[in-house]
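Participant: Dropping a structure here in structure tokens format, bear with me for questions.
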Amino acid sequence: MSTSSITVRGYVEALPRKKDERQARVAIVQDEVEYRVLTRGAGVDLVDEVSAQVEASGTVEEQDGIKYMTVRSYRLLDEEGGWDDDKA
């Protein structure tokens, strides 16, 4: 299995516990492509960011048609015009 570097921008989605044999608990979805986040490195912290918009960098590998991502770093993206924006 080969890995390649990648940066994705999308939202964090929770995965059902029994869905993934490699123990991924969340995925980042970008343009309808799901990158299952492995629970190591910075990916561990994404479990607390479900539904957030993020930009994540790391490596991706594909196994049986499923993309798995090891997240090295990520940042939360601000959504402009959100319901909680305070504008005076």
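Derivation of every value follows stated rules applied to the coordinates shown; laboratory data play no part. Note that this is a predicted model, so its numbers are computed, not measured. Neighbour counts are summed over all protein chains in view; Cβ atoms, including those assigned to glycine, are modelled from backbone coordinates with ideal geometry.
Participant: Determine the shape class of the chain: with a ≥ b ≥ c the square roots of the Cα gyration tensor eigenvalues, call it rounded for a/c under 1.5, and otherwise prolate if a/b is greater than b/c, oblate otherwise.
Facilitator: On the way: a/c = 2.25, a/b = 1.83, b/c = 1.23.
Because a/c hits 1.5 or more and a/b exceeds b/c, the chain counts as prolate.
Participant: Shifting gears a bit: From the residues 50, 70, 29, which one has its Cα farthest along the dipole of the chain in the positive direction, the dipole being from +1 and -1 charges on Cβ of Lys/Arg and Asp/Glu about the Cα centre?
Facilitator: Ranked along the dipole, the leading option is 70.
Participant: Let me ask something else. Mind checking the full-extension length gain between residue 22 and residue 63? Use 0.36 nm per residue of separation minus the Cα-Cα distance, one decimal, nm.
Facilitator: Numbers: separation 41, 0.36 × 41 = 14.76 nm, distance 1.04 nm.
Here the segment from residue 22 to residue 63 would lengthen by 13.7 nm.
Participant: Suppose a student asked you for the relative contact order of region 4-76, using Cα pairs under 8 Å spaced at least 6 residues apart; what percent would you report? Walk me through the numbers before you get to the answer.
Facilitator: Values: 165 pairs, mean separation 25.1, N = 73.
With pairs under 8 Å counted, the relative contact order is 34 percent.
Participant: Rounded to the nearest 0.05, what FRET efficiency do residue 72 and residue 48 give with R0 = 25 Å and r taken as the Cβ-Cβ distance? Could you check? If you can, show how the numbers build up before the last one.
Facilitator: Values: r = 18 Å, r/R0 = 0.70.
It comes to 0.90.
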